[in-house]
Amino acid sequence: MSTARPIKTIRVKRAFGAVVEGEALVSTEGFSPRYDLDRWSGLISRPGHALEGHNIKGRILITPSAKGGIAAGWAFYDIQHKGIAPKAFVFGVTNPVMVQGAVFAGITITEGWSMSPYEHIRTGDIVRVDPQKKTLTLIRRGSPAASAPRG
Amino acid sequence: MLRGEQGRAVQEALQLQLAVGRFFGAKRFVPVSNVHMMGDIEVMGDSGKSFLERAANLGAKCVRPTTTNARCIDFAYLDRLQQSRVEAGKEKELIACLRRMDVITADTCINYQTLYQPHLGEHVAWGDTGTVIYANSVYGARSNFEAGPAALAAGLTGRVPEYGFHLDEHRRGTFQVNLKADLHDLADWGAVGKIVGSGHQDYYAVPVFCGIKRTPTADELKQLGASLASYGSMGMFHMVGVTPEAPTLKAAFGGRKPKEVMTVSNRDLEAVYAGYDTKNNPLNLVVFSGPQQSLFEMKTLATLLKGRKVAKGSQLFITTSNGVKSAARELGYLKTIEDAGAIVLEGVCFYILQNLPQMRVREGWSNLVTNSAKLANIIGAHKFNTILRRTAECIDIACSGKDVR
């Protein structure tokens, strides 16, 4: 855990899971583990996706909405077992499948935010998600280079 | 259950349900009478299979009738489609494992047409978004989207946490859609779902359709619902004078004001059809799937295909349930369809077919023509360029290899 002083805290509405800290991956577009993700590498593979070329592995994925259907429920468990799951999903709005899938896989997940994270958090920044306190906190700024896609 | 007196599988299932219920602020559980789950090897992978095998070995048994959704392999077509024997072996083990847990492996995504029709206010736990939106909207039953592991949990515990569409507050309409378009073909209903769903990607957005000019059929509502759920992640709609919780516009909104009023016209529909581009690639694949075809749809396809042949170099796929295919065989529809050169798969959905990406490359498929707006949406993940066309146009394309527009 970082001891750096938090510089911005956003409240989330609903949350599940362990406290996690890691590099943010910020998307302006919704996310589906079935439509957008290469489920063998963790790369966002759908042509034209806002995060195309980025890898979700070990990241804290901040995304406005959930896309896709029921099949996503097994997909999170699958990527968790393949070692390519993100540390947390931070959704603006989500649907039950994402929540059921994340809980089943033991991945931290939150929904709703008190203010838009897009003005405060960039890809590469280090953030902390605390489901008990229902907070998303910017711990420290990442380097601009971190926002470039990398496999 | 939580103390484990009914076994570890039930204990873990309830723990999962409790955590999900807490997330959504559920105050209690409600009993469910029917469960429908997605569980096949393409979707769950080896880790999901191991999870199910462990549950079966722990002696897990469903305490409510639990059916399965469409899967990824029709074993009769394994070789013809050059699907993996290894994966087929896993799929067979998976089916055996589900049966040990008393799951009814019916392998259909049209359970609401062929297997079980819940009544007004009945709580169920269904997977496949198309089944959920149909249950909520057309039958007035109550279900959330239940992912595979969540649906199985409901089968094992006989209950679900009460949130989302189990509660009155989420079932009321949120916006109004005036239907001015003439809706003649199933594809038109899917196109409406695309127009309305794309602009409202929200599980809790509930459109209220009004102005409908005639009584829609079950297949038409199926296409509309599947499309709304696919493009909009929606779980419910109302249709004034048609669906049970919408005797009037006022009742559909339950005292709330619509957040928005939109109109869908013939011009909007034509814009949807005009929005697809063949990109100068061949039109050599036509698919009727997602959802599986009902017996009535099979009859229509047989009528359209009678005496015709699928064009050389083209392929026409139709997916349906085992029950519908058997009935279509009895009635002679299947022979007409197969004589024309179409492939009718049972118990599967086209978009989750095992090995589909490899099949696409091997067969030289780029465009996929369909009358299902849902299929046109979701199969993009497999890098198909999709084209939505009306049912008869799809058949004309299959038999000529040329677009009719």
Separation of alpha-carbon centers, region B:330-392 and region B:186-204, rounded to whole Å: 21 Å
Rounded to 0.05, the calculated FRET efficiency for the beta carbons of residue B:277 and residue B:215 at R₀ = 45 Å is 0.80
Using DSSP to call loops (not H, G, I, E or B), can you name the trypsin sites (Lys or Arg not before Pro) in region B:227-296 whose Cβ has at most 10 other Cβ atoms within 10 angstrom? B:279
For the protein assembly as shown, what does the helix formula give at 222 nm: sum of -39500 (n - 2.57) over DSSP H segments with n ≥ 4, over the residue count, nearest 500 deg cm²/dmol? -10000 deg cm²/dmol
Convert 4 °C to kelvin, take the viscosity as 1.567 mPa s, use the Kirkwood radius over C-alpha pairs of the protein assembly as shown as Rh, and evaluate the Stokes-Einstein diffusion coefficient in µm²/s, rounded to a whole number. 54 µm²/s
Which GluC sites (Glu not before Pro) in region B:324-378 sit in a loop by DSSP (not H, G, I, E or B) and have at most 16 other Cβ atoms within 10 Å of their own Cβ? none
Of all accessible heavy-atom area on chain A, the percent that carbon and sulfur account for (1.4 Å): 52 percent
Under 24 Å between C-alpha atoms, the lysine pairs in region B:8-168 lying 8 or more places apart or on different chains count 5
Between rounded, prolate and oblate, where does chain B land on the alpha carbon gyration tensor, with a ≥ b ≥ c its root eigenvalues, rounded for a/c under 1.5, else prolate if a/b exceeds b/c? oblate
If you take the accessible area of A alone plus B alone and subtract the pair, what total do you get in square angstrom, rounded to 100, with a 1.4 Å probe? 2800 Å²
If the reach is capped at under 27 angstrom between alpha carbons, list the lysines near residue B:335, excluding any in the same chain fewer than eight residues apart. B:222, B:299, B:306, B:309, B:312, B:325, B:402
With every protein chain left in place and a probe of 1.4 Å, what is the accessible surface of residue B:249, to the nearest 10 Å²? 70 Å²
Return the aspartates and glutamates within reach of residue A:87: Cα separation strictly under 16 angstrom, same-chain partners fewer than 8 residues apart disregarded; answer none if there are no such residues. A:21, A:23, A:78, A:111, A:125, A:130
Which of the chymotrypsin sites (Phe, Trp or Tyr not before Pro) found in region A:21-128 are loop residues per DSSP with 14 or fewer other Cβ atoms within 10 Å of their Cβ? A:40
For chain B, which whole-number percentage of the solvent-accessible area (1.4 Å probe, protein heavy atoms only) is attributable to carbon and sulfur atoms? 51 percent
When N counts the residues of region B:172-273, how does its alpha-carbon radius of gyration compare numerically with 2.2 N^0.38 Å, as a ratio? 0.96
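The values are calculated or read from the model by the stated rules, or taken from the named source; none is laboratory data. Being a predicted model, the structure only gives us computed values, none of them experimental. Note: ideal-geometry Cβ built from the backbone for every residue, glycine included; neighbour counts use all protein chains shown. Areas reflect the complete protein model, heavy atoms only, side chains present, ligands, DNA and RNA absent. Shrake-Rupley method; radii C 1.70, N 1.55, O 1.52, S 1.80 Å.
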